[in-house]
Amino acid sequence: MAWRRGVRESLLHVDPAIPRCPAWRRVSSASHHRTIQAVPREASGGRAAAKERAQGRVPSVVVSLSGSAQLPKEAPRQLLSTDAKQIKEILKQSPYFCTTPIQLQVRAGVRSSAVLQSGTVLPIKISTNKKTGEILNLIMAWAEKGKEIPVKVPLEFKGEDACIGLKKGGYLHKVRNALKYECPLEHIPQKIDVDISNLDIGDKIFAHDLQVDSSLKLLSNKITVPLCEIKAPKPEANSDE
């Protein structure tokens, strides 16, 4: 019937004036936060970055840490642009963003389904505006299985409620909040727990005291510096009578 054909044609017709949903929005909600969608970016510098952010994008870089290039500044890099809304949603899903490998797809354009490159990456640095929370930059590194990558792993101090020294009136002095390791992709820890429950006043914990996978190689300097110490109570100031 003619009216049915008309309805069918109207359903199939897509108005070009209506903006299409970005690629990361067209995947299921259960998987969208596991793949970062990016597009190539040509221009660099402050002005170009500001323009990207004004368009709801995040100036991003993916580097190849291989051979002698073990630092992001020394490594070959690709300029990319990612969607600020997607990155914010991923951050909500993953509190340990910079120690969690994630998939990256580089598409030909924001609304394109053509994938130019894909693979696993490790976010290694994300910069934000402390006042507004705006994401300013994102740096990632290609991460292949079996490949060793330098990773800054956060420390989480546990056992304060049961700590012997704290019960005596001492206080926890945290010296370091992260340690840098060289880790195979499959053994990157999201965080390292530091148990202080058995520490007494004057006790310290060092990097060599931590229980980590044997494949991890400590890269942090000053290994003789403690991670934390339980210090004696601060003397109360004498008040004039």
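The values are calculated or read from the model by the stated rules, or taken from the named source; none is laboratory data. These numbers were taken from a predicted model, which means no experiment stands behind them. Every residue, glycine as well, gets a Cβ built from its backbone with ideal geometry; the counts of neighbours run over all protein chains shown. Remember, those area values only see protein heavy atoms, side chains included, never the ligands or the DNA or RNA. Shrake-Rupley method; radii C 1.70, N 1.55, O 1.52, S 1.80 Å.
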* Asked: Of all residues in segment 78-97, which are open to solvent by 20 Å² or more (accessible area, probe 1.4 Å) and in contact (Cβ under 8 Å) with a residue 60 or more places away in the chain?
  -> 83, 93, 94, 96
* To do: Go through segment 87-124 residue by residue and tally those that are in a strand (DSSP E or B) and within 10 Å of the chain's Cα centre (by Cα).
  => 4
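So, in segment 138-161, exactly how many residues are over 24 Å from residue 183 (Cα atoms) and out of contact with any Leu (no Cβ under 9 Å at 6 or more places or on another chain)?
Residues of segment 138-161 that are over 24 Å from residue 183 (Cα atoms), as a first pass: 159-161.
Then keep just the ones that are out of contact with any Leu (no Cβ under 9 Å at 6 or more places or on another chain); that gives 161.
Final tally of qualifying residues: 1.
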* Structure fact -> Scanning segment 209-241 for residues that are open to solvent by 30 Å² or more (accessible area, probe 1.4 Å) and not in a loop (DSSP other than H, G, I, E, B), the one farthest from residue 141 (Cα to Cα) turns out to be 231
* Please determine, by comparing only the residues of segment 127-140 that are in contact (Cβ under 8 Å) with a residue 12 or more places away in the chain and farther than 25 Å from residue 186 by Cβ, which one is surrounded by the fewest Cβ atoms within 10 Å (Cβ to Cβ). => 134
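Quick check on my filter: what residues within segment 105-119 are surrounded by 15 or more Cβ atoms within 10 Å (Cβ to Cβ) and either in contact with a Leu (Cβ under 6 Å, 6 or more places away or on another chain) or at pLDDT below 95 (or both)?
Within segment 105-119, 106, 110 meet the criteria.
When the residues of segment 143-164 are narrowed to those that are part of a loop (DSSP other than H, G, I, E, B) and of a type in the set (Gly, Ala, Ser), which ends up farthest from residue 63 (Cα to Cα)? Lay out the reasoning, then the answer.
Going through segment 143-164, the residues part of a loop (DSSP other than H, G, I, E, B) turn out to be 143-147, 159, 163.
Adding the requirement that they be of a type in the set (Gly, Ala, Ser) leaves 143, 146, 159.
On the way: 143: 10, 146: 17, 159: 38 Å.
Per the criteria, the residue is 159.
Tally up the residues in segment 165-208 that are outside any loop (DSSP other than H, G, I, E, B) and of a type in the set (D, E, K, R), please. Step through it out loud before you land on a result.
Applying the first criterion (outside any loop (DSSP other than H, G, I, E, B)) to segment 165-208 yields 165-167, 171-174, 178-187, 192-195, 204-205, 207-208.
With the extra rule that they be of a type in the set (D, E, K, R), the set shrinks to 167, 174, 180, 182, 186, 193, 195, 204.
Residues in segment 165-208 being outside any loop (DSSP other than H, G, I, E, B) and of a type in the set (D, E, K, R): 8 in total.
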* Asked: Does segment 141-155 hold any residues that are open to solvent by 20 Å² or more (accessible area, probe 1.4 Å) and farther than 14 Å from residue 215 by Cβ, and which are they?
  -> 142, 144, 152, 154
